[in-house]
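What follows is a single structure, written as structure tokens, with notes after it.
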Amino acid sequence: MKLKVNMEFKFIVSLIFAILVAIFAIQNAGYVEVRFFFGHFTISQAVVILISAVVGALIVLLLGLIKQIRQNLKMKQLSKEIELLKIEKNQLRSKLDELNLVNKVKDDIVEEIIEDEIKDNVIQGDKIVE
């Protein structure tokens, strides 16, 4: 929701800016002499203003696209890292479950040995008492 509002706000600000540039260009419609590299020509000042605004907008757009592409690449990289970490987590969880099972089996064996020794001691104790 916040992203949509932010984009709408940017669109409205851009539209207002474009209208202001158009009004400025119309009010300054006289002819000017333009020298660009080796070229020399006379053109309406409004056209120069509008071309400058369009070129500026294109530069901003290209810079924004470059930033977006970098962010997308970073997101892909981070997504891959997340997937690898999930796989590693599952592997570690499996190892932990195996260790818990081994420890449980060890505990059961130790418990059986202790019970057997207690029974043996009780039986031997009974013989001694008899």
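The residues of region 29-49 that are in contact with a helix residue (DSSP H, G or I) (Cβ under 6 Å, 6 or more places away or on another chain) and more than 18 Å from Ala18 (Cα to Cα), listed by number, are Gly30, Val32. Determine whether Ile43 is under 24 Å from Ser14 (Cβ atoms), surrounded by 10 or more Cβ atoms within 10 Å (Cβ to Cβ) and of a type outside the set (Ser, Thr, Tyr). Taking the combined requirement at face value, the residue does not satisfy it. When Ser94, Ser52 are checked against the criterion of being surrounded by 10 or more Cβ atoms within 10 Å (Cβ to Cβ), at pLDDT below 90 and out of contact with any Ser or Thr (no Cβ under 9 Å at 6 or more places or on another chain), a single residue qualifies: Ser52. Looking for something polar (S, T, N, Q) and touching a strand residue (DSSP E or B) at 6+ places or on another chain (Cβ under 6 Å) - is there at least one such residue anywhere in region 27-43? So far as region 27-43 goes, yes, one or more of its residues are polar (S, T, N, Q) and touching a strand residue (DSSP E or B) at 6+ places or on another chain (Cβ under 6 Å).
The values are calculated or read from the model by the stated rules, or taken from the named source; none is laboratory data. In this text the structure is predicted, and so the values were computed from the model without any measurement. Heads up, the Cβs are rebuilt from the backbone with ideal geometry, glycines too, and the neighbour counts pull from every protein chain shown.
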